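Following: one structure in structure tokens, then a few remarks.
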Amino acid sequence: MKLAPLHLTGRTRRGLCGAALTVSLSTAAAAGPLTAQANPAAPGPDSAQGAQPRGVPNLVLPDLRKPAQPSPSASGEAGIPATALDAYKKAAQALATSQPGCRIPWELVAGIGRVESVHASGYGLRADGSTEQPIRGPRLDGKQFALIRDTDGGRWDGDTEYDRAVGPTQFIPSTWVTWGADGNGDGVKDPNNIYDAALGTARYLCAGDRNLTDPADLDKAILSYNNSREYVNAVLEWMRTYQGGKVTAVPNDAPAVPHRPDPADGRSSAPARAVTRTSASGSSVVKPRPEPLPKPAPEPRPDPRPDPTPEPRPEPGPRTVTRLTALGERSRDAETGQDLDQVARVRASNAHGDPVPGADVSFEILGAATDARFPGHGDATTVTVSTDAQGIAVVPRLRVGDRPDGFVVMASTAGKAVTFQVNARLSASATADTLTRVGEQPLSAPVNGTFAESPRVKATRYGQPALGTVLTATFLASKEGDTAGNTLGPYFTDAAGNAVRTLVPPPPGADGIVTLPAIHADGNPGTYALRLTTADGVTLDVELTVTA
């Protein structure tokens, strides 16, 4: 989405949380969100939801210099209204059941809610997820924002001529038709209810079999919600803030100035009065009625004066970066533990296409699971490089790390950003951090006999086959791990047929499985153990029984 000028972005004031929190969720909300099957087609950056301006998001970033305080409205604080926090967590739990491969964190849904409406703060959020005041974006009449004529007959947005984005996560009604969800189990998919909106947002982000632990999928998902790099950066910063700090549930009615996604909305922040009407079925329906605004007293009009001649706006200078261009390949494969050079190269240029030397470019490693670092800069995840005479900046040497997870290197300067993907696979020399026996059948043999089956062990690191694992197999005198007297009991044989009770088995196969040689029993019945040990000290004991 192309953003409206930043001076339209709503600001929030720091709320006070002096009272103790008392939360009483409705029965329907407490029951948890319903699981929902997501549409397999993933919306892209050109979707109706994110392609065109639909309102003004709140791009105020968290103030990382200050400790988190329990307020929903201050930019540097991690307080979330209790009902909103419950809705975000229930939405993530529902997707963990219906789309476990998506692995969506509730903090991402909370990041969307924070940027779109500051968690519905100041709108009279109720325990059932509804709000006393509607949360509506501007009329999408094509004048300042997108042109989208009415698609819902005014059902959700109260406008029968043009659509408006609605609810705590600002869904366009036509988008809600596909991605709407019933998050509180009341039988209605209402984008104005934060339980329904949170679940619909989670389904939208997870569409198309996305895995949101993959930085590339995460980036695409947020861009499809709002095609703006500033929007993505804001959502990610809030997500990380909630993931990295203690999130506090604050009262729904904690003092807060509402963020208005419609810049023309000049309503008071006071809650609207509720009017009870009776529906056709006889049930009571509570609808908000806004307080009437007082008519302003007419002010005396001053004598007309000629408008001053506006000062011409300065043209961007030759050292002003207006474009950041990626150079070379933007995706690269690597092995864990590998050092990489020139993963990311960018060129900074001005409005005339000329290079801008001396511009500071920030390179940041992004990825929830990666441990990649810049070893020459104190193992930092962010470094700053100045462009050379040709306007080119190159990321310093980067160490992939030990985890076989993909990550992104983002280069940014002057509000411009480009990303580079690194796909890390486990090194062929990686050793296991886990040993697991394949199969659960008890292993036994009669005295002076041979075990019908030899143990098979899988060596993995971070869940992937660790092909560099070297094991030592040693028979112990008892299943308790007694190493004394291991000259009795089960044994292997060497090439000459002699009994040996310690050996190094063959290396793992391509699947990480080590198959041990045949095991024989001598004439001593009892319960023994076979201990498998890696060079790093990872062990696995397998119980063996010799029967009389």
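The values are calculated or read from the model by the stated rules, or taken from the named source; none is laboratory data. All values derive from a computational prediction rather than experimental measurement. Here the Cβ is made from the backbone with ideal geometry for all residues, glycine too, and neighbour counts use every protein chain on show. These area figures cover heavy atoms from the full protein model, side chains too; ligands, DNA and RNA do not enter into them. Shrake-Rupley method; radii C 1.70, N 1.55, O 1.52, S 1.80 Å.
Here are the numbers for the structure shown:
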| item | result |
| --- | --- |
| Members of segment 244-273 found to be modelled with pLDDT of 85 or more and not in a loop (DSSP other than H, G, I, E, B), listed by number | THR248, ALA249, VAL250 |
| Among the residues listed as ILE135, ILE148, ILE104, the single one being under 14 Å from the mean Cα position of the chain (by Cα) and either at pLDDT below 90 or among the β-branched types (Val, Ile, Thr) (or both) | ILE104 |
| Long-range neighbours under 6 Å by Cβ, at least six apart or interchain, first residue of a type in the set (S, T, N, Q) within segment 80-102, second part of a helix (DSSP H, G or I) | GLN99/CYS206 |
| Residues of segment 527-548 classified as aromatic (Phe, Trp, Tyr) and open to solvent by 50 Å² or more (accessible area, probe 1.4 Å), total | 0 |
| Residues of segment 401-440 satisfying the condition of being within 26 Å of the chain's Cα centre (by Cα) and of a type in the set (Val, Ile, Thr) | VAL408, VAL409, THR413, VAL418, THR419, VAL422 |
| Residue that is farthest from PRO490 (Cα to Cα) [pool: residues in segment 502-526 that are open to solvent by 40 Å² or more (accessible area, probe 1.4 Å) and of a type in the set (A, V, I, L, M)] | ALA510 |
| Complete set of residues in segment 166-182 that are open to solvent by 10 Å² or more (accessible area, probe 1.4 Å) and part of a loop (DSSP other than H, G, I, E, B) | ASP182 |
| Qualifying position, being without any contact (Cβ under 8 Å) to a residue 60 or more places away in the chain and on the phi > 0 side of the Ramachandran plot, among GLY401, GLY415, GLY367, GLY358 | GLY358 |
| Any hit, segment 93-108, residues being of a type outside the set (S, T, N, Q) and touching a strand residue (DSSP E or B) at 6+ places or on another chain (Cβ under 9 Å) | no |
| Sole residue being over 22 Å from the mean Cα position of the chain (by Cα) and farther than 13 Å from THR413 by Cβ, chosen from VAL385, VAL361, VAL356, VAL343 | VAL343 |
| Residue that is nearest to PRO357 (Cα to Cα) [pool: residues in segment 396-420 that are assigned to a strand (DSSP E or B), touching a Phe, Trp or Tyr at 6+ places or on another chain (Cβ under 8 Å) and open to solvent by less than 30 Å² (accessible area, probe 1.4 Å)] | ALA411 |
| Matching entry among PRO81, PRO70 (being modelled with pLDDT of 90 or more and crowded, with 21+ Cβ neighbours inside 10 Å) | PRO81 |
| Positions within segment 224-235 being under 16 Å from the mean Cα position of the chain (by Cα) and either crowded, with 21+ Cβ neighbours inside 10 Å or free of Cβ contacts under 8 Å to residues at least 60 places away in the same chain (or both), in sequence order | SER224, TYR225, ASN226, TYR231, VAL232, ALA234, VAL235 |
| Test: residue in segment 153-165 that is touching a residue at least 24 places away in the same chain (Cβ under 8 Å), charged (D, E, K, R) and part of a helix (DSSP H, G or I) | no |
| Search result, residues across segment 236-247 that are surrounded by 18 or more Cβ atoms within 10 Å (Cβ to Cβ) and either more than 14 Å from the chain's Cα centre (by Cα) or of a type in the set (Gly, Ala, Ser) (or both) | VAL247 |
| Selection count, segment 150-179, where residues are farther than 20 Å from LEU125 by Cα, touching a strand residue (DSSP E or B) at 6+ places or on another chain (Cβ under 9 Å) and of a type outside the set (D, E, K, R) | 5 |
| Sole exception among (1) more than 21 Å from THR325 (Cα to Cα); (2) hydrophobic (A, V, I, L, M, F, W, C); (3) at pLDDT 95 or above for VAL385, by number | (1) |
| Odd one out for THR213 among (1) of a type in the set (S, T, N, Q); (2) in a helix (DSSP H, G or I); (3) open to solvent by 40 Å² or more (accessible area, probe 1.4 Å) | (2) |
| Residue within segment 97-110 that is open to solvent by less than 10 Å² (accessible area, probe 1.4 Å), closer than 30 Å to ASP219 by Cα and touching a Pro at 6+ places or on another chain (Cβ under 6 Å) present | no |
| Long-range neighbours under 6 Å by Cβ, at least six apart or interchain, first residue within 12 Å of GLY167 (Cβ to Cβ) and open to solvent by 40 Å² or more (accessible area, probe 1.4 Å) within segment 123-151, second of a type in the set (A, V, I, L, M, F, W, C) and not in a loop (DSSP other than H, G, I, E, B) | ARG136/VAL166 |
| Members of segment 183-202 that are at pLDDT below 95 and open to solvent by less than 20 Å² (accessible area, probe 1.4 Å) | GLY183, ASN184 |
| Unmet requirement for THR539, which otherwise passes all of (1) over 41 Å from the mean Cα position of the chain (by Cα); (2) under 19 Å from GLU440 (Cβ atoms); (3) of a type in the set (Ser, Thr, Tyr) | (1) |
